[in-house]
DNA sequence: TTGAAAGCGCTAACAT
DNA sequence: ATGTTAGCGCTTTCAA
């Protein structure tokens, strides 16, 4: 099956390889109808499938885009991937997805691998730590688009949520519900991960804007195995307990909800809760959780279209303006 | 950056292409240390990245495995993908994931695309409808492993959950909780999707085994937009209501939970609930939902190892025995 | 220890 | 309307 080549088809159809190539690429213009028919049936008889690898080598393009995500476990990531894939498919491009696991070395090795595989462009949820490599790509005029995280200087088109606004929406909603003692729940901020940093920053600003104090103890940013302990210490200070929680992403939400359940804290009776990123489970749970969502569809779609445009016309500007997308609040029953 | 070829490195290092090739492939055996050094620095200076496409063409292998999933929205799918990817990475293989969306034509086109891209093997969550194509692959001795769904005859290694056992676990658990009026919630069974069929079959057997009648009305198998309507009609028959629900996969679980919430049905007060496939949200919700889980890790790991073995030694047997994996019950608070 | 040369399967410019 | 030919960048004998 794999050994059938264009040559075999050519011989069987009694034409030259070039004519078969024309046929494969739908250029029937100057081809005699009879020839076309013969090639057609030769292909069918032999079960011929063209070899894209050879084609890519010759054409120096692969019609595929590499996608390096920081962490595939986030629902935001998988949803974005789906949109990117759909958009690419419509343009006859394929995507090759790699998971960097928030690890700069892994990311670097994937960048090299994908370049080696001759992808035509790269969509990256960048980790910090490979700036040199990005600059390299920039210098080579290689098409890249960043999403979700920002690199300074902004040398490639960058798509980001308005993260401060997202926190503002959450805080305002909680305040409207009469809760002023808000504890933020995040994940580790080592590594300077943009959305986490910006959401925390937005959280503080929103508090201040409303004349509320910022209590650093109520900004819980820890890794999975640490977070429970920290939440406990916040909660056990009975004289000074928060009456609301804001989880800054889906993972943090899971940790928070797990913690609250384990400690018999009732929502919204004891505390109100708002989390980032939606999930059908959050809507179906009791109480249904109020969330702030990202416009995944637009963000994914625009990312794909920008990279596609760059591939067609690889003219990188000196510096880019970060493109910001607006979050949305979905009020349910947890406030 | 992309235009640097082995030839450039060779010139810069003052050696021939062949020697550079040896270096790239870690064959330093008969290479003078000085030569090695020169090549090393030439590569660094030029930022040379080898072209895998050319390598693949020459070697007729790509060190990548195509993975065609039936539906990427199922958590089972994404978890399996992760395990497969990890296992492949350890063996210096990459995976190229495609989502067939339960559509046989899409699946067929992905099979062709991946073969065209010269993948060394295929892992498929098969839809029904492309049997001819599978036979083709079989005839060509092309390495393929099926997972999650069964094709008859079993011409490729096939990895499946013991689906009937899964239903038995769910039913037994519900019975133990004193609930005998159990309604199964699934998705459309058109297309003969193995796990759905087998879980329904196992459900019936488990009922019968316990001397309970099988009520076909209480086997709800509908598409997303229909399922709510059907559940409503089951529930509105007030004289004859189920007192327990069993959702046969993660999607069905979401529909069920959404329905129950919308209709103010309390769990486990009004009805007990058991669902297939776990999620952190299910564990953190109130009440925590009792689930039956699949051994994702083993299933993914074995799938990857089998395909890797087949690639190394492509000797397909005439027919295979389906490999069955055991589900597990995790009891929580919903029964 | 290193180099020369052929060829993987395809495309595209050029001939005819 | 169809064929000839020269590579794309690499690996791999074989020779030196």
Note: the protein assembly as shown, point scatterers on Cα, Debye, no solvent; log10 I/I(0) at q = 0.07, 0.09 Å⁻¹ equals -0.55, -0.89
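First check a/c for chain B, with a ≥ b ≥ c the square roots of the eigenvalues of its C-alpha gyration tensor; if it is under 1.5, answer rounded, and if not, answer prolate when a/b is larger than b/c or oblate otherwise. Walk me through the intermediate numbers first.
Numbers: a/c = 3.07, a/b = 2.47, b/c = 1.24.
Prolate shape, in that a/c is at least 1.5 and a/b is the bigger ratio.
Using only alpha-carbon positions, what ratio does the radius of gyration of the stretch B:106-150 give when scaled by 2.2 N^0.38 Å? Don't jump to the answer; show the numbers that get you there.
Details: Rg = 9.8 Å, N = 45, 2.2 N^0.38 = 9.3 Å.
Against the compact-globule rule of thumb, the ratio is 1.05.
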How far apart, in nm, are two points set 7 Å out from the Cα along the Cα-to-Cβ line at residue A:27 and at residue B:29?
-> 4.5 nm
For chain B, with a Gaussian network of springs between Cα atoms less than 10 Å apart, report the residue from B:145, B:15, B:292 with the top mean-square fluctuation.
-> B:15
Helix A:224-236 vs. chain A, principal-axis angle (Cα, 0 to 90°, nearest 10) = 20 degrees
Stokes-Einstein, Kirkwood over Cα pairs, the stretch A:1-154, 4 °C, 1.567 mPa s; D in µm²/s equals 72 µm²/s
Between B:35, B:128, B:303, which gets the highest mean-square fluctuation from a Gaussian network model of chain B, Cα cutoff 10 Å?
-> B:35
Dimensions in Å of the stretch B:290-335 - Rg and Dmax from alpha carbons = 15.8, 49
Roughly what would the spin-label model give for residue B:152 and residue A:263, points 7 Å off Cα along C-beta, in nm?
-> 5.6 nm
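Once the piece of chain linking residue B:101 and residue B:205 is laid out straight, how much longer is it, given 0.36 nm per residue of separation minus the C-alpha distance between them? Display every interim value, and only then the final one.
Details: separation 104, 0.36 × 104 = 37.44 nm, distance 3.03 nm.
In short, 34.4 nm is gained.
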Given label points at 7 Å from Cα along Cα→Cβ, what nm distances, shortest first, separate residue A:270 from the same residue in every other copy?
-> 2.6
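Averaged over its residues, how many other protein chain Cβ atoms are within 10 Å of peptide B:52-64's Cβ atoms?
Values: counts 8, 13, 6, 4, 8, 7, 2, 0, 4, 0, 2, 1, 2.
For this peptide, the per-residue mean of nearby foreign Cβ atoms is 4.
So if each residue of separation counts as 0.36 nm, and I subtract the Cα-Cα distance between residue A:73 and residue A:141, what length gain in nm does that give?
Details: separation 68, 0.36 × 68 = 24.48 nm, distance 3.10 nm.
Full extension from residue A:73 to residue A:141 adds 21.4 nm.
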Once both axes come from the Cα atoms, what is the angle between helix B:104-116 and the longest principal axis of chain B, in degrees from 0 to 90, rounded to 10?
-> 20 degrees
In 5 Å bins starting at 0, how do the alpha-carbon pair distances of the stretch B:126-179 split up by percent?
-> 4, 17, 21, 15, 9, 8, 9, 7, 5, 3, 1
In nm to one decimal, list the spacings between the residue B:326 label point and its equivalents in the other copies, with label points set 7 Å along Cα to Cβ, shortest first.
-> 5.6
In a GNM of chain B with a 10 Å cut-off on Cα contacts, which of B:233, B:279, B:18 has the highest mean-square fluctuation?
-> B:18
Over the whole of B:280-292, what's the average partner chain Cβ count within 10 Å per residue? Rounded to a whole number, please.
-> 5
Between residue B:191 and the same site in the other copies, what are the distances in nm, shortest first, taking label points 7 Å from Cα along the C-beta direction?
-> 3.5
Using only Cα atoms, find the angle between the long axis of helix A:194-209 and the longest principal axis of chain A, and express it within 0 to 90 degrees, rounded to the nearest 10.
-> 30 degrees
Which whole-angstrom value gives the distance between the alpha carbon centres of the stretch B:275-303 and the stretch A:67-81?
-> 20 Å
Using 20 Å as the cut-off for backbone N distance, which residues of the stretch A:176-214 belong to the label zone defined by a point 7 Å from the Cα of residue A:270 along Cα→Cβ?
-> A:178-186
In whole Å, largest first, the alpha carbons of the stretch A:6-50 cover along the principal axes 24, 18, 15
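With N denoting the number of residues in the stretch A:163-293, provide Rg(C-alpha) divided by 2.2 N^0.38 Å, to two decimal places. Please list the in-between numbers first.
Values: Rg = 13.3 Å, N = 131, 2.2 N^0.38 = 14.0 Å.
Relative to the 2.2 N^0.38 Å estimate, the stretch A:163-293 comes out at 0.95.
Per DSSP helix of 4 or more residues, -39500 (n - 2.57); summed, then divided by the residues of chain B. What does that give at 222 nm, rounded to the nearest 500?
Numbers: 13 runs with 154 residues, N = 335.
Calculated at 222 nm, the ellipticity per residue is -14000 deg cm²/dmol.
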Protection-proxy order for peptides B:304-310, B:28-34, each taking the mean of Cβ atoms within 10 Å per residue, highest first = B:304-310, B:28-34
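Could you work out the mean count of beta carbons from other protein chains within 10 Å of each residue's beta carbon in A:251-261? Kindly include the intermediate steps, with their values, before the conclusion.
Numbers: counts 1, 0, 3, 5, 2, 1, 6, 6, 1, 2, 7.
Per-residue shielding by partner chains comes out at 3.
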For the stretch A:187-231, fraction of C-alpha pairs farther apart than 16 Å, in % | 44 percent
What residue in chain A has the Cβ closest to the axis turning A into B, and how close is it in whole Å?
-> A:281, 2
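Values in this text are rule-based calculations from the coordinates and carry no lab data. Bear in mind that the values here come from a model prediction, so they are computed numbers and not experimental data. Methodologically, a virtual Cβ is constructed for each residue, glycine included, from the backbone with ideal geometry; neighbour enumeration extends over all protein chains shown.
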